[in-house]
Amino acid sequence: MSESHTIRKTFDLTNPPKMDAKQRRRLEALAQMSDEQIDTSDLPDRPNRQWTRPEALIPSENKKQVTLRLDADVLAFFRSTGKRYQSRINAVLREYVQHQKR
């Protein structure tokens, strides 16, 4: 455990953990529910907070075009996530910068 008492785990999308029968039944039941039926009472209160895409937080005129060399597997992963993969790379880098400033 780190000094911040944060436990980090990674999730390999190509090799997800196995679900037992009970977990599979719960997941199937949840998939059948409408959004209104799902109990979200344990979520933290977020008054006046709307969900936004990370790239919407930074004005587009603040963007700078650069040439960047990435490892082939890193680039392949982000490209496999679909359109706007460059915005996701930027969001990951922004999160790193914010973490380093703490």
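Within the stretch 91-100, work out how many residues are within 16 Å of Gln65 (Cβ to Cβ) and modelled with pLDDT under 90.
Total satisfying the criteria: 0.
Output yes when any residue across the stretch 65-78 is part of a loop (DSSP other than H, G, I, E, B), at positive phi and at pLDDT 85 or above, and no when none is.
no
Could you tell me whether any residue of the stretch 14-28 is touching a Pro at 6+ places or on another chain (Cβ under 9 Å), of a type outside the set (A, V, I, L, M, F, W, C) and at pLDDT below 90?
no
Give the residue that is surrounded by the fewest Cβ atoms within 10 Å (Cβ to Cβ), with candidates limited to residues of the stretch 81-102 that are among the aliphatic types (A, V, I, L, M) and out of contact with any helix residue (DSSP H, G or I) (no Cβ under 8 Å at 6 or more places or on another chain).
Val97
The values are calculated or read from the model by the stated rules, or taken from the named source; none is laboratory data. What you see is a predicted model; the values in this text were computed from it and never measured. As a convention, Cβ positions derive from the backbone with ideal geometry for all residues, glycine included, and neighbour counts pool all protein chains shown.
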